[in-house]
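The values are calculated or read from the model by the stated rules, or taken from the named source; none is laboratory data. All of these numbers come straight from a predicted model, not from anything done at the bench. Virtual Cβ from ideal backbone geometry, glycine too; neighbours counted across all protein chains shown. The protein model used for the area step is the full one, side chains on, heavy atoms only, and it has no ligands, DNA or RNA in it. Shrake-Rupley method; radii C 1.70, N 1.55, O 1.52, S 1.80 Å.
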Amino acid sequence: MADDFARIAAAPGRVNLMGDHTDYNDGFALPAAIPLSCRVEYAAVASQRISVSSDAAPAQGVVSLAADGTADDLRTDWPGLVSAVAASLDRRGRSPIGMTAAVSSDVPLGAGLSSSAAFEIAIGSALCDAAGWPLPSAELAAACREAELAATGVPCGPMDQLASVFGRRGHALLLDCRSLEIEPVAVPDDLRIVAIHTGVARRLAGSAYASRRDACARLTHDLGVASLRDATPTQVSDQPFGRHVVSENARVLATAEALRSNDRKALGTLFAESHRSLADDYAVSTAELDALVDAATASGTVACRMTGAGFGGCVVALLDRTDADEVIARTTERYESRTGHRPTVYPCDPSDGARVGPA
Ligand code: ADP
Ligand code: MG
């Protein structure tokens, strides 16, 4: 089947090394694109229709919609994302050129490694390429972020789409979510990065995310600052959510510095502090995430913390390359014997961002 398609667009997921729940507060984050990606094989077609299937939803078969993103009926889940991406690009001036496409992805869905941004950026890249309409990468990221909000109602920050577009091999991306400036930070060669899934699906993630976001907006208003990015530690000293955001922003900058100087002790401390802050102040961890971080730390990781929005999903661990396999094995054994859940390990060494080319 793949032979029918002339072109392929591939976009990676991402792991966030530091800075969770900071991106929607105009703060800092430190994501890296990962070696797992969503691939869209496609060909432009004369009709003004998009026909797309995904191997993540084989029972759904081929979904068809207008090339300007107009949905013929109320669409939910991934067809809704395709139509929102097409509509977002249409508003920016893409001609309604159709395409036929097949999606496959090795980014786990709903694990906190941003399969959604990988999917949107891959679809968006394919649509732009099919129309012979090059769109600057930052605009593509903005269009896909807008589409995710339109399709899911989740008011996500800019991190996921930017990481998928601007990922660079061997580097984390120091992201200023206010200016949207990105500074690549080299990850030391002797560090390996993995995400380990707790084996427990995310619960309540959407509603809890929205309620945290609302609470941050109220706090911003009460403090009279433009965003929590501008609050001082003293201003938020008796506000757990504010305390997390302000301290997490400082930890992002300190983590970038610790990567530059390969200061493993500092990395270990910063990751542990971030996990505690997300668990105690921001209240987005779970018993399983805590148990997995404990198991990893006791097994000899350089650094480990929960990553992503929380309420289930993954931890991210930095490991010494020389003993990484043994440390991972000890971690997963310890965690499974303590909780009864089987963890899954995903490779997360920093990788290049989205690309388009011949299939
Ligand atoms: P995460 O981004 O952490 O993986 P989300 O809940 O934000 O979790 O995104 C998962 C959603 O992204 C899925 O429900 C689906 O709508 C969409 N998605 C991601 N990858 C694919 C894919 N390969 N095929 C179809 N839909 C996908
Ligand atoms: Mg997502």
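Quick grid of which residues meet (1) more than 16 Å from ligand 2 (Cβ to nearest atom); (2) of a type in the set (Ser, Thr, Tyr):
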{"site": "50", "(1), (2)": "yes, no"}
{"site": "56", "(1), (2)": "no, no"}
{"site": "59", "(1), (2)": "yes, no"}
{"site": "62", "(1), (2)": "yes, no"}
{"site": "67", "(1), (2)": "yes, no"}
{"site": "71", "(1), (2)": "yes, no"}
{"site": "76", "(1), (2)": "no, yes"}
{"site": "79", "(1), (2)": "yes, no"}
{"site": "85", "(1), (2)": "no, no"}
Query raised in the report: If a residue has to be more than 10 Å from ligand 1 (Cβ to nearest atom) and not in a helix (DSSP H, G or I) to count, how many in the stretch 85-128 make the cut?
Result: 11
Report summary line: In the stretch 69-78, anything surrounded by fewer than 21 Cβ atoms within 10 Å (Cβ to Cβ) and either under 21 Å from the mean Cα position of the chain (by Cα) or at pLDDT 95 or above (or both) is listed as 76, 77
Query raised in the report: For the stretch 217-230, does any single residue satisfy the condition of being in contact with a helix residue (DSSP H, G or I) (Cβ under 6 Å, 6 or more places away or on another chain), surrounded by 22 or more Cβ atoms within 10 Å (Cβ to Cβ) and within 25 Å of residue 149 (Cβ to Cβ)?
Result: yes
Report summary line: Every listed condition ((1) within 16 Å of ligand 1 (Cβ to nearest atom); (2) surrounded by fewer than 24 Cβ atoms within 10 Å (Cβ to Cβ); (3) at pLDDT 95 or above) holds for residue 352 save (1)
**Report entry** Only one of 194, 200, 185, 165 that is open to solvent by less than 70 Å² (accessible area, probe 1.4 Å), in a strand (DSSP E or B) and out of contact with any Lys or Arg (no Cβ under 9 Å at 6 or more places or on another chain)
**Finding:** 194
Report task. Output the qualifying pairs, or none if there are none: Cβ atoms under 6 angstrom, residues six or more apart or on different chains, first residue in the stretch 259-283 and not assigned by TED's automatic domain parsing to the domain that holds residue 171, second residue open to solvent by 30 Å² or more (accessible area, probe 1.4 Å) and assigned to a helix (DSSP H, G or I). Result -> 270/254; 277/247; 281/240; 281/243
Report task. Please determine, by comparing only the residues of the stretch 290-310 that are in a loop (DSSP other than H, G, I, E, B) and in contact (Cβ under 8 Å) with a residue 60 or more places away in the chain, which one is nearest to the chain's Cα centre (by Cα). Result -> 308
Query raised in the report: Could you list, in sequence order, the residues of the stretch 106-127 that are open to solvent by 10 Å² or more (accessible area, probe 1.4 Å), touching a helix residue (DSSP H, G or I) at 6+ places or on another chain (Cβ under 9 Å) and either free of Cβ contacts under 8 Å to residues at least 24 places away in the same chain or more than 15 Å from ligand 2 (Cβ to nearest atom) (or both)?
Result: 125
Query - Test result for residue 160, outside any strand (DSSP E or B), open to solvent by 10 Å² or more (accessible area, probe 1.4 Å) and more than 16 Å from ligand 1 (Cβ to nearest atom) - result: no
Report task. Please work out if residue 141 is outside any loop (DSSP other than H, G, I, E, B), touching a helix residue (DSSP H, G or I) at 6+ places or on another chain (Cβ under 9 Å) and free of Cβ contacts under 8 Å to residues at least 40 places away in the same chain. Result -> yes
